[in-house]
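Reviewing the structure listed below.
Quick note: the coordinates plus some simple rules give every number you see, no bench work behind them. Bear in mind the structure is a predicted one, so any value in this text is a computation, not a measurement. Neighbour counts are summed over all protein chains in view; Cβ atoms, including those assigned to glycine, are modelled from backbone coordinates with ideal geometry.
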Amino acid sequence: MAYAYDDQNIFAKILRGEIPNNTVIETTHTLAFHDIQPQAPVHVLVIPKGPYVTYDHFAAEASDEEIVDFTRTLAKVCKMQRVEADNADGYRLISNAGAHGVQDVPHLHVHVLGGRRMGRMVEPA
């Protein structure tokens, strides 16, 4: 499947420094920052720096180095935000993909949500 990446999406602009963000951590291949419209006491977005649209696109085409960096950065964010399941009450990771997944920005992003009970995963349609 071909993934069409829009380099004018808001996360691409953040990565280019055209739009400011409140950075939590930045690594070689990953940027994590606070969501500007938080849905929980902890709400951090974690994005790869590469032009990936969805998680399946990233998993299929990213280098091993990018995948490891992204995954390890997610773990660091959980620890930094004190929501890791080992020492706190846990968290939720959400990555929306495509129209049915209600993806708003066509750049892979994972929401790290914590600090309160999240409720059920999906409400009935």
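Taking the Cα centre of region 10-114 as origin, sum charge times position over the Cβ atoms of Lys and Arg (+1) and Asp and Glu (-1), and report the length of that vector in debye to the nearest 20.
With Lys and Arg at +1 and Asp and Glu at -1, about 280 debye.
Ranked highest first by the average count of other Cβ atoms within 10 Å around their residues, in what order do 42-55, 101-114 fall?
42-55, 101-114
Given region 10-114, report the % of alpha carbon pairs whose separation exceeds 16 Å.
56
Please report the relative contact order for region 43-125, taking Cα pairs under 8 Å with a sequence separation of at least 6, and give it as a percent rounded to a whole number.
Numbers: 90 pairs, mean separation 34.7, N = 83.
Relative contact order of region 43-125: 42 percent.
Once both axes come from the Cα atoms, what is the angle between helix 64-80 and the longest principal axis of the chain, in degrees from 0 to 90, rounded to 10?
For helix 64-80, the angle is close to 30 degrees.
Suppose only helical runs count, i.e. DSSP H with n ≥ 4. What mean residue ellipticity at 222 nm does that imply for the chain under -39500 (n - 2.57) per run, divided by all residues and rounded to the nearest 500 deg cm²/dmol?
Calculated mean residue ellipticity at 222 nm is -7000 deg cm²/dmol.
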